[in-house]
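First the structure, in the form of structure tokens, and then the observations on it.
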Amino acid sequence: MHHDISPLCAADIQDQLQKRFAYLSGGRGQDGSPVITFPDYPAFGDVPDKEFQNVMTYLTSIPSLQDAGIGFILVIDRRQDKWTSVKASILRIAASFPANLQLVLVLRPTGFFQRTLSDLAFRFNRDDFKMKVPVIMLSSVPELHSYIDKSQLTEDLGGTLDYCHSRWLCHRTAIESFALLVKQTAQMLQAFGTELAETELPNDVQSTSSVLRAHTEKKDRAKEDMRLALDEGRSVLESIREPLARGPEQSPNQDQLDSQSTVQRLLAQLSETEAAFDEFWAKHQRKLEQCLQLRHFEQDFREVKAALDVLAQKITTFTDVGNSLAHVQHLLKDLASFEEKSSAVTQRARTLALEGEQLIELKHYAVDSIRPKCHELHQLCDQFAADVGQRRGLLGRALDLHGLLEASMKWCDEGIYLLASQPVDKCQAQDGAEAALQEVEKFLEMRAENKIQELSKIYQDYEPILTRDLLEHVQKVFRKQESVEEMFHRRQASLKKLAAKQTRPVQPVAPRPEAPAKSPCPSPGIRRGSEIHSSEGSVLRRGPYRRARSEVSEGRQGRGRSTGDEESLAVLRRHVMNELLDTERVYVEELLCILEGYAAEMDNPLMTHLISTGLQNKKDVLFGNMEEIYHFHNRIFLRELENYIDCPELVGRCFLERMEQFQVYEKYCQNKPRSESLWRQCSDCPFFQECQKKLDHKLSLDSYLLKPVQRITKYQLLLKEMLKYSKSCEGAEDLQEALSSILGILKAVNDSMHLIAITGYEGNLSDLGKLLMQGSFSVWTDHKKGHTKVKDLARFKPMQRHLFLHEKAVLFCKKREENGEGYEKAPSYSFKQSLNMTAVGITENVKGDAKKFEIWYNAREEVYIVQAPTPEIKAAWVSEIRKVLTSQLQACREASQHRALEQSHSLPLPAPAGTSPSKGNTKDVRKLEERKTDPLTLEGYVGPAPLPRPPEKGRGWSKTSNPPEAPEDNDGWSSAEEPVNSSDAEEEGRAGLRKLVPGKYTVTGLDEKGGPDALVLRSGDEVELVQEGDEGLWFVRNVSSGGEGWLPARNLSALLGQRGAPGCLSSPESSAGSALLSASSSCSESCAAALADLQG
């Protein structure tokens, strides 16, 4: 017996088992011994020993150890064989059988000879078999049945046992395969469990998620393997039970029962393994999930803590307590906005702390790490809320303090206004004094609560917020209050004295006439005009708050401007300043509302579905640079304006310092046509309706997009109003300069909007220099080289052209209006012609129309007769063109200085023979000679004014005579001609007797000591012509003060320097500037006529 042979599997020796030279049918002996049958197999002797040993070893390993311990019964069927084969088979089995034997039953050959031979041979060779168990020779099958029951024998041995060798082999292979699979599955689960147990928990969210995902995937694969193994085991068990199900009358043999038991045992083992693995995985998964929760909590904690630290840092920067009531309200609004935006962070922090507490309640393994973080989050949130509350409390106290200061300032202003409004003349009477006294006492009684009572109490109550600037402001307001109180006390005491006077009885005595106020001796011209003008016409007619400039006016008025007038002006200035600040704050709020309510919402993913396709990615087109405008006003301009609340007369400096930043409006206005076009296309978009609904706006977005345009035009109105009440203040010059600069910006903005609408110009418009003026005109052409009929037709048929005057060229364009209404009209200009200014000349006057002038080119080869809408616009254009040409003259003089000096000397003017000059002409000559010694500014050129020979027929400034084609009334002037003589001719034309056109002029060269109305008019004043007198005198009215007086024409200079642009953004105001332009070109006619009279 060999027990050391390793167990085999059916799959390993399947071919050997299929030979069926031995099989285990499942039958049992009477004592339960397993029966191994050796069927009749003729080639038994040819089976190799290795195969025989493998089959024997495998068959003996199948029964249980208990059954195998009883011993095997061998049934050797050799009925069809010979004795020699029987002997060999018995000897081979005896030598190689690996297990215990109980009995060997041999069915001997059935032939007579072989049966006899086997009996004799068996008796003599019994000892040769060397078996420890009996070997029984059976002659027939019935004898076999006496040893083994028929139910335990197969059909070929006369039994009833159902046995199929191929089915048995299939079952054995499946059972062993399933057993191997169960073993491998158990080993795999054990290795996987070891891996899970040895895995270290990661320290970040991503790694933890990766580990959990990887382990879950492995678990799923293991569970799938177990499911497949269970399915295979159940399939094997079903295949074993199948034959029994088909024949219920047959009871299973022991081998079948053993196979079922084996498969069921393996299935149970697999199920137990799966259950143990599921339990282990649940613990491991929970730990990984808790680790992931912890890593998420730690990551969120770091982010929230960083956000809370940023909030804590920001709240420390809120140190400003405001410099005015509106400023504090703005700070409170900013704090509320900051708190609202910060609420998301604090809410997230509190939510995270609650999540941590829930983890603690769920018995998280890292309780000691979670609990301190939850406490820290609560502490940070509480600290931030406390800081915000403290800040709000400080601002609330600042609001109260500024409310007190504002109330005190308002009390002072109202008091000053009350004192200034009380008529002093009526207070001289007792009734008037009593009424005024009652007003004063009533005011002091009713408004006493608005005053600051105790300064020390203010210091005590508001000590935490009293910065140095605020303390100075409090002291300043208190000093002003004390000053006003002192004024009231003085007025009260004075009124009490007046009210307490005893009135005398009225006497019927005529009042003694008062001597009229004496004025300086009037000039002869004034005496001659005395029949027309009364003595009251030469006094200054003051405005309600303007100081009288002449002693005559002061004498007639009886008193100058009092302290009350100045206080009243201060109140008015403060009112204008309040309006400027209030409207500025409203403007900033409206801009912010549009940027947050519309522009920011265009980037909101939740609103994307409401935005139409044509509106997508068009935010910059729709809103332009509104955000840049908002930041300028909110961060810079509004804060600087608030610094001038106590000195409004100096606010012009604020505008001047920030004038460059106002250029942002030019970019906005240039984009306005594109914005309006986009709005017209998309105005019905649901996005705009939704935003308007959220903002609760009554007006649509396009109304708010006009706000910047309206605001930039509002400034010049406020500056004019402030300048009106600040004539005698320190900042008057700054206000005037700021007003001029704002108007210049308006004109530049308006010009640029027209300039960008030019189409068809192939060059670069920026190369033409600065745009000086632009406007629409009627234009006739008269060219030398043109056809006669074309020339005649051109004379009578004007063309409507829009002219753009640059420093280097003048452009002729045709205006084309597009469809639309109101501001939605978007004109464009088609380029037609360009004239280089170096070859341009002008003729100021054209016969028959005071609104026409000529622009000629290349020595009048091309002549353009231009008709302006008004004489004032013509004068402005002529003046501006003359400035350009004069600057070119200056450049020519500098380039040829030596030649200019040689030609600058001219012969003295000869006296005409045989002619005695009249009195008027003599005076004109004397005046002309006097003017020769005075410097004359020709729009930028200053120099001596010698008298050259006047032109023979023309009355302009040009030295050369007109060509035959030129009209007789050519007052032409061009920088392309001789520069010195052209300038001199102009000065000659101005030196003669001047015939002025009614309009507005500037007083120049007036000697205040010796002038006829020195106390009424001074150099630099703007005056308006009223009536012409004798000897070149004019009766004029001062535009600013209302004073009137006589002045010589030589002391009047036309206002040609001011320019206006019709149709600009500030059209109501700029048109007034245009009205100041007189038709001074007619002066050239009077000058030329005077020179002709002197020579003739």
| note | proj_area_mean for region 442-485 (convex hull on C-alpha atoms), units nm², value 3.2
| request: Step through the residues of region 590-601 one at a time and calculate ³J(HN,Hα) from phi using the Karplus curve (6.51 cos²θ - 1.76 cosθ + 1.60, θ = phi - 60°), rounding each to whole Hz and writing x for Gly and Pro. | output: 5, 4, 4, 4, 5, 5, 7, x, 10, 4, 5, 5
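On average, how much accessible surface per residue is there in region 274-406, in Å², for a 1.4 Å probe, leaving out ligands, DNA and RNA? List each step's numbers first, then the result.
Details: 7130 Å² over 133 residues.
On a per-residue basis, region 274-406 sits at 54 Å².
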| field | Built amide H within the under 5 Å cut-off of ILE758, gap 5+ | value | TYR829
| task | Show the residues, 5+ positions off or on another chain, whose built amide H is closer than 5 Å to the amide H of ALA809. | result | MET837
| Long-range amide H contacts for HIS783: which residues qualify at under 5 Å (H placed 1.01 Å from N, peptide plane, sequence gap of 5 or more or a different chain)? | VAL863
| request: Please grab the % of Cα pairs in region 581-636 that end up more than 19 Å from each other. | output: 35
| task | Give me the Debye-computed log₁₀ of I(q)/I(0) at q = 0.19, 0.25 Å⁻¹ for region 302-355, equal point scatterers on Cα only, no solvent, two decimals. | result | -0.70, -0.95
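Of the listed pairs LYS333/LYS442; LYS287/LYS373; LYS698/LYS720, which have alpha-carbon separations greater than 28 Å here? Please list the in-between numbers first.
Numbers: LYS333/LYS442 38 Å; LYS287/LYS373 20 Å; LYS698/LYS720 32 Å.
Over 28 Å apart, Cα to Cα: LYS333/LYS442; LYS698/LYS720.
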| said: Show me the ranking of peptides 278-290, 711-723 by mean Cβ neighbours inside 10 Å, starting with the highest. | reply: 711-723, 278-290
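Is the shape of region 54-98 rounded, prolate or oblate, going by the alpha carbon gyration tensor and its root eigenvalues a ≥ b ≥ c, with a/c under 1.5 for rounded and a/b larger than b/c for prolate? Please report the intermediate quantities before stating the final value.
Numbers: a/c = 2.78, a/b = 2.23, b/c = 1.25.
It comes out prolate by the Cα gyration axes.
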| field | Cα-based equivalent ellipsoid, region 139-178: semi-axes from gyration tensor eigenvalues, Å | value | 29, 9, 7
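Would you work out the charge dipole size for region 608-668 about its Cα centre, treating the Cβ of every Lys and Arg as +1 and the Cβ of every Asp and Glu as -1, and quote it to the nearest 20 debye?
Working: 7 positive and 10 negative charges, 68 e Å.
That gives a dipole near 320 debye.
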| field | Cβ crowding within 10 Å averaged over residues, with 306-313, 415-422 ranked highest first | value | 415-422, 306-313
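Indicate the gyration tensor shape class of region 27-91 (rounded, prolate or oblate), computed on the Cα atoms with a ≥ b ≥ c the square roots of the eigenvalues: a/c under 1.5 is rounded; otherwise a/b larger than b/c is prolate and the rest oblate.
On the way: a/c = 2.87, a/b = 1.58, b/c = 1.81.
Note, shape of region 27-91 comes out oblate.
Ordered by packing density, taken as the mean number of other Cβ atoms within 10 Å over each peptide's residues, highest first, how do 884-897, 740-753 rank? Mind showing how you got there, number by number?
On the way: 884-897: 17.4, 740-753: 20.2.
Descending packing order for the listed peptides: 740-753, 884-897.
Filter LYS672/LYS724; LYS714/LYS832; LYS619/LYS693 down to the pairs with a C-alpha to C-alpha distance above 26 Å, please. Spell out each step's value before the answer.
Working: LYS672/LYS724 33 Å; LYS714/LYS832 36 Å; LYS619/LYS693 20 Å.
Checking Cα-Cα distances, LYS672/LYS724; LYS714/LYS832 exceed 26 Å.
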| Going by the alpha-carbon gyration tensor, a ≥ b ≥ c the square roots of its eigenvalues, is region 627-753 rounded (a/c under 1.5) or, if a/c is not under 1.5, prolate (a/b greater than b/c) versus oblate? | prolate
| message | Could you compute Rg(Cα) / (2.2 N^0.38 Å) for region 148-237, with N its residue count? | response | 1.90
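The values are calculated or read from the model by the stated rules, or taken from the named source; none is laboratory data. This structure is a prediction, so every number in the text was calculated from the model and none was measured. Neighbour counts run over all protein chains shown; Cβ positions are idealised from the backbone, glycine included. When the accessible area is computed, the model is the full protein with side chains, heavy atoms only, and any ligands, DNA or RNA have been set aside. Shrake-Rupley method; radii C 1.70, N 1.55, O 1.52, S 1.80 Å.
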